[in-house]
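> Right, I'll just put the structure down here and ask away after.
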There are 6 protein chains.
Amino acid sequence: MIHASLDDSTGEILGFAMEQLLDAGALDVSFIPLYMKKNRPGVKLEVICNRSDEKKLLEIIFRETTTLGVRITEARRAVMTRELRKVHTPFGPVRVKRAHWQGVVKASPEYEDCRQAALRAGVSLQTVYQSALTRTDIEGEMTE
Amino acid sequence: MIHASLDDSTGEILGFAMEQLLDAGALDVSFIPLYMKKNRPGVKLEVICNRSDEKKLLEIIFRETTTLGVRITEARRAVMTRELRKVHTPFGPVRVKRAHWQGVVKASPEYEDCRQAALRAGVSLQTVYQSALTRTDIEGEMTE
Amino acid sequence: MIHASLDDSTGEILGFAMEQLLDAGALDVSFIPLYMKKNRPGVKLEVICNRSDEKKLLEIIFRETTTLGVRITEARRAVMTRELRKVHTPFGPVRVKRAHWQGVVKASPEYEDCRQAALRAGVSLQTVYQSALTRTDIEGEMTE
Amino acid sequence: MIHASLDDSTGEILGFAMEQLLDAGALDVSFIPLYMKKNRPGVKLEVICNRSDEKKLLEIIFRETTTLGVRITEARRAVMTRELRKVHTPFGPVRVKRAHWQGVVKASPEYEDCRQAALRAGVSLQTVYQSALTRTDIEGEMTE
Amino acid sequence: MIHASLDDSTGEILGFAMEQLLDAGALDVSFIPLYMKKNRPGVKLEVICNRSDEKKLLEIIFRETTTLGVRITEARRAVMTRELRKVHTPFGPVRVKRAHWQGVVKASPEYEDCRQAALRAGVSLQTVYQSALTRTDIEGEMTE
Amino acid sequence: MIHASLDDSTGEILGFAMEQLLDAGALDVSFIPLYMKKNRPGVKLEVICNRSDEKKLLEIIFRETTTLGVRITEARRAVMTRELRKVHTPFGPVRVKRAHWQGVVKASPEYEDCRQAALRAGVSLQTVYQSALTRTDIEGEMTE
Ligand code: NI
Ligand code: NI
Ligand code: NI
Ligand code: NI
Ligand code: NI
Ligand code: NI
Ligand code: NI
Ligand code: NI
Ligand code: NI
Ligand code: NI
Ligand code: NI
Ligand code: NI
């Protein structure tokens, strides 16, 4: 995880940096509001990435933002195993991610599939999301 | 109250703007973290002021920040009446603000007095603050 | 809506104030993180209430927090009409709020019902919530 | 300005709502982090719009989010007059917005022009932005 | 410390998760507002716990929230030693925690004791808190 | 990096603690808004420092804030090399920090120099900042 605290980059600059970092392979990019010295509202940039992408992402951070130094930390991870299945909703097909960890099983419809179905059908995102979940058999196999 | 939402001013610029606004008579200046479009972390600037200072403060906002337009709202106010008394602590004299509203009475030591006493005596701000409160007779008169 | 900006109340004090305000009839209470002068992280307290409860709530705000003055604003409201129906889930009965506004219809299960069902059945809140929604007929009548 | 406080919409739902609101003509959409009752992290949605778009935007808010009621407030506005000019940078042409209010004059390069020039030239957004500002004659006419 | 960044859990879900985590032995649970990709307001969940409770808490996080993976980090700790004493206030007995670290000594009244005394006596939490502190002998023994 | 999560220190106390920590050699101090249990808005204090200053800073944190325990983490760092040069603007001399990392080069004018020049000349901070950057030769030597 790469962290940088910024008090002299604008929101516009940071929005562009997020776009660049995601395009370059960052797994996740986020901003945390921060109160810095001299009454400055700042932002903490956090980038999660594979070790192999670190150098490429550092170059973007140093080029696009005003930071002069970043901190890099390692963490253990606990992850759920995932599998992707497709379900058929009245608004079109939607992939649903089913995840397991020990006894826990849960499902979450893919955002981009739901978004496109909602736009196409003129219904709310929530409606498509619910519709996909209703058609997902969490315990057994998914109904395709 | 003057409000502006900003996505292209830096924290440094905003810290300086706060300093300018307070020097020019703003009663209160604050920043609220804001999520704006295109993944931009932004800031909402809020300035509380007397009507007569509005033009002067707008000039600072337009000059120092990148905003192109602000919103101005009016509000009713409910305020406690206040009186300032001095109490003697082991760390030196501290003014205490005593406030009333209907049946409610409360007291708060002046920050700058406590800060200077703490720095002078090498004790924590909290210690001076407590010491001043202990010497404040909230219900009756303050013990001077 | 009653607003107060606070830089000298603690989180503990504010959590207690929220509890008191809700018990005294506030419709909604929320805190917004705020950056105030002299590098102080502060909090904006916002209370939504009926006009008739204003005096009682002001008394709590002035008594429990350190604020010396609040701002009160009025707003027009646009609200959805609501009706409450009960559905039967495998985890017990859950009331679902169905709301309308012009052509829009939507449903949301009652939090406290879902919470109790989840605790009783040892399943996740999300599972109960989904289960209740699946049994809700948004367009026509709810299936009881 | 339309406000809604939300504790039961997800970030995904809200990101989609912002997209819909901007497409439907909202002048500005922002999210403010909010602490709500029962330990719930929530979000205040704020939408700035022309009066004529209000009904259309309310429909999106009620359809896409979980809110059951919104507050609508009016505000006076103070705005700078603006004019758009084009400047030629080594990275291509960029439009610069020049703004006036009383004695205050300032300039800001258009984000989308800078973004495209930066991506095309492989330089940082900041580099294009600076380059455009350097070529902008704030006091007199812009150098075209 | 267990961390998860969430953009598809609601505030209601997260409030319930906090309750579950604290009941299951988490030492501390907090939420940090986060700006995630695609204009999503998100939340970082942070849980502090003993190593022995980790598995039980992970199960709650995976079951109740939408996260598919968490990060776990270790930290050195520096802690003050604490001792709990009781003081008698006009509002009833209150336990006060006295803490030491090297030369530093400080005291803080127990929140739940103060809360109950304030509710019983109909005074502000701050009043009870002050009253307990005034009766606490920080340097020597507490006055019982 | 030293971290502490606080729910019973006020903004005034924290602003004073930041001042003390910076005076005692902390490299950076920041506050992050945090949602803690029992509906408490809290603050995470983060202090970046050299290992040799750790004990001195811990003493300030324990003395000035209410925390009873902090967490200390280590991180790898990636830093740009920096050199400071002076440029002459119409508003007076300004030092500009030029930074390198691999192929990346960038420049940022010193805040305090710009601030004083802006106050002296009665122009905006942004104007001085731009003026200094325009006179900075990023690729080659700075024009003195
Ligand atoms: Ni700087
Ligand atoms: Ni499987
Ligand atoms: Ni812009
Ligand atoms: Ni009086
Ligand atoms: Ni104060
Ligand atoms: Ni109906
Ligand atoms: Ni709800
Ligand atoms: Ni003109
Ligand atoms: Ni998702
Ligand atoms: Ni002892
Ligand atoms: Ni406490
Ligand atoms: Ni060099």
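The values are calculated or read from the model by the stated rules, or taken from the named source; none is laboratory data. On a predicted model such as this, the values are computed, not experimentally measured, just so you know. Don't worry about glycine lacking a Cβ; one is built from the backbone with ideal geometry, like all the others, and counts go over all protein chains shown. Calculation scope for accessible area: heavy atoms of the full protein, side chains included, ligands and nucleic acids excluded. Shrake-Rupley method; radii C 1.70, N 1.55, O 1.52, S 1.80 Å.
> Ignoring ligands, DNA and RNA, what accessible area per residue does the range A:81-134 give at 1.4 Å, in Å²?
Value for the range A:81-134: 45 Å² per residue.
> To continue, here is another question. Quote the relative contact order of the range B:59-144 in percent (integer), defining contacts as alpha-carbon pairs under 8 Å separated by 6+ residues.
25 percent
> Can you tell me the alpha carbon radius of gyration of the protein assembly as shown divided by the globular rule-of-thumb value 2.2 N^0.38 Å?
0.95
> Give the carbon-plus-sulfur fraction of the accessible surface of the range C:81-134 in %, rounded to a whole number; probe 1.4 Å, heavy atoms of protein chains only.
49 percent
> Additional query: Considering only protein heavy atoms and a 1.4 Å probe, what is the carbon-and-sulfur percentage of the accessible area of the range A:2-72?
45 percent
> If I ignore ligands, DNA and RNA and count only protein heavy atoms, how much of A:His88 is accessible to a 1.4 Å probe, in Å² to the nearest 10?
100 Å²
> Using a label position 7 Å from Cα in the Cα→Cβ direction, what is the ascending list of nm distances from F:Arg95 to the same site in the other copies?
Taking the point 7 Å beyond Cα along Cα→Cβ, the inter-copy spacings are 3.8, 4.2, 5.3, 5.3, 6.6 nm.
> Please get the size of the charge dipole for the range B:24-144, origin at its Cα centre, with Cβ charges of +1 on Lys and Arg and -1 on Asp and Glu, quoted in debye to the nearest 20.
540 debye
> Could you grab the relative contact order for the range B:1-53? Cα pairs under 8 Å, six or more apart, rounded to a whole percent. Could you put the intermediate results ahead of the total?
Details: 75 pairs, mean separation 24.8, N = 53.
So the answer I get is 47 percent.
> When the convex hull of the C-alpha atoms of chain D is computed, what volume per residue in Å³ does it have? Mind dumping the intermediate values first?
Working: hull volume 22.6 nm³, N = 144.
It is 157 Å³ per residue.
> Just to be sure I understand: chains D and E are related by a rotation, so which residue of D has its Cβ closest to that axis, and how close in Å?
Output: D:Pro33, 2.
> Using the 7 Å Cα-to-Cβ label point, sort the distances from E:Asp137 to its equivalents in the other copies shortest first and give them in nm to one decimal.
2.6, 7.4, 7.4, 7.6, 8.1
> What gaps in nm, shortest first, separate C:Gln116 from its twins in the other copies when you place the label 7 Å past Cα toward the beta carbon?
Ordered by distance, the counterparts are at 2.6, 4.5, 6.0, 6.0, 6.9 nm.
> Once each part is reduced to its C-alpha centroid, what is the distance from the range D:42-89 to the range F:77-134 in angstrom?
If we compute the Cα centre of each part, the gap is 36 Å.
> So what's Rg/Rh here for the range E:81-134, counting alpha carbon atoms and using the Kirkwood radius for Rh?
Here the Rg-to-Rh quotient is 1.02.
> Right, something else. For the range B:60-103, what D do you get in µm² per second when you plug the Kirkwood radius from alpha-carbon pairs into Stokes-Einstein at 25 °C and 0.890 mPa s?
Translational D for this selection: 163 µm²/s.
> Short version: which residues of the range D:84-101 lose at least 40 Å² of accessible area, all chains versus chain alone, 1.4 Å probe?
Hits at the 40 Å² cut-off: D:Trp101.
> Still on this structure, I have one more. Summing Lys, Arg as +1 and Asp, Glu as -1, what charge do residues with Cβ under 10 Å from the Cβ of A:Glu112 carry, A:Glu112 excluded? Walk me through the numbers before you get to the answer.
On the way: positive: A:Arg95, A:Arg115, E:Lys38; negative: A:Glu110, A:Asp113.
Local charge sum for A:Glu112: +1.
> As a test of the formula, what do you get for chain B when each DSSP H run with n ≥ 4 contributes -39,500 (n - 2.57) and the sum is divided by the residue count, at 222 nm and rounded to the nearest 500 deg cm²/dmol?
Helix contribution divided over all residues of chain B: -9500 deg cm²/dmol.
> If you fit an axis through the alpha-carbon atoms of helix C:11-23 and take the longest principal axis of the Cα set of chain C, what angle between them do you get, 0 to 90°, nearest 10?
60 degrees
> Here's another thing I want to ask about it. Could you state the angle between the C-alpha long axis of helix D:125-134 and the longest principal axis of the C-alpha atoms of chain D, as a value from 0 to 90 degrees rounded to the nearest 10?
The helix D:125-134 is inclined about 50 degrees to chain D.
> At a probe radius of 1.4 Å, figure out the E/D buried accessible area, summed over both chains, and give it in Å² to the nearest 100.
Protein heavy atoms only, the E-D interface buries about 1300 Å².
> Under a cut-off of 22 Å between alpha-carbon atoms, report the lysines in cross-link reach of E:Lys55, not counting same-chain residues fewer than 8 places apart.
Cross-link targets: A:Lys106, E:Lys44, F:Lys37.
> What percent does the relative contact order of chain A come to when contacts are Cα pairs within less than 8 Å and at least six residues apart? Provide the component values of the computation, followed by the final result.
On the way: 222 pairs, mean separation 28.4, N = 144.
For chain A, the relative contact order is 20 percent.
> So what's the projected area for the range D:2-72, the Cα convex hull averaged over all directions, in nm²?
4.2 nm²
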